[in-house]
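We did not get these values from a lab; they are worked out from the coordinates using the rules stated. A quick note: this is a predicted structure, and the numbers were derived from the prediction, not measured. No Cβ is skipped: glycine too gets one built from the backbone with ideal geometry, and neighbour counts run over all protein chains shown.
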């Protein structure tokens with residue numbers, strides 16, 4: 001069963017075509033990346049999946065069928081606009097949010113305890129939310145999203161405001177949930193996090209799909225005339241080399257048109273270069289993103 005199955009959804013607000021015939025699906029236990037520049041239609045698409053907005057056309061199935069009130073208790077959603085109550089204590093806020101997802105207050109407290117410890121918030125639970133730092137509030141929002149152990153999680157910019165240590169905590173939580181079968185839709189501008197966590201992505205721009213599929217296959221599709229040579233040797237300019245970039249123990253070579261990676265590997269060996277590793281240099285997701293969005 002697909003966790004989410006979206007077919008040709010479109011949505012217009014007045015004269016603005018926010019989403020145009022977008023389709024994608026998410027498998028059980030998958031971490032899926034939804035990407036796009038500001039105003040691309042990401043949030044509108046998420047709200048259509050959650051039945052907050054109705055599409056003008058197209059179909060959405062969530063956890064095997066149409067959205068229902070019962071299914072909403074099986075879903076965790078963290079919008080980019082955070083929704084914690086500022087003038088109550090952290091534990092009061094989180095317990096209340098847990099009860100909105102079908103847990104009793106006692107069950108919520110039981111589920112909260114290990115999460116508060118894990119995210120270093122247990123000592124702060126009696127503070128008012130507004131007294132917490134931005135990073136602490138971000139972690140609290142994540143806890144509120146997953147405290148009821150949902151089958152499907154949708155998170156918008158989950159790493160915003162987090163330092164590297166807390167970012168790693170959130171990544172580990174996302175991976176653990178995925179391994180337990182939770183499906184996760186993650187929308188973020190932090191492309192390196194998508195590369196690390198997601199197998200498949202959807203990139204939308206001006207409401208339309210411009211890239212969809214397996215991340216590794218997409219990167220290979222955009223790979224150009226560049227190879228990465230791992231070596232401790234210095235070597236002179238080579239026939240067929242247009243440009244090089246040196247990075248510690250590796251060298252990225254841009255090859256002339258008509259020169260293959262096999263040609264360059266043979267040239268390196270003929271020149272006596274000690275090659276420890278050799279690979280086609282796939283572009284980063286950020287490079288692909290910029291190229292597709294700007295037309296560069």
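Computed values, structure above
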| item | result |
| --- | --- |
| Stretchable slack from residue 210 to residue 231, in nm (0.36 nm times residue separation minus alpha-carbon distance) | 3.9 nm |
| Label-point gap, in nm, between residue 269 and residue 247 - each point 7 angstrom along Cα→Cβ | 2.5 |
| Length released on extending from residue 57 to residue 192, taking residue separation times 0.36 nm less the Cα-Cα span | 45.2 nm |
| Fewest-first ranking of 230, 20, using other Cβ atoms within 10 Å as the exposure measure | 230, 20 |
| Length gained when the stretch residue 120-residue 294 is fully extended (0.36 nm per residue, less Cα-Cα span) | 58.5 nm |
| Share antiparallel - DSSP beta bridges, the range 4-219, percent rounded to 5 | 55 |
| Pairwise centroid distance, computed over Cα atoms, of the range 254-296 with the range 1-77, Å | 37 |
| If the convex hull is drawn through the Cα atoms of the chain, its volume per residue in Å³ | 162 |
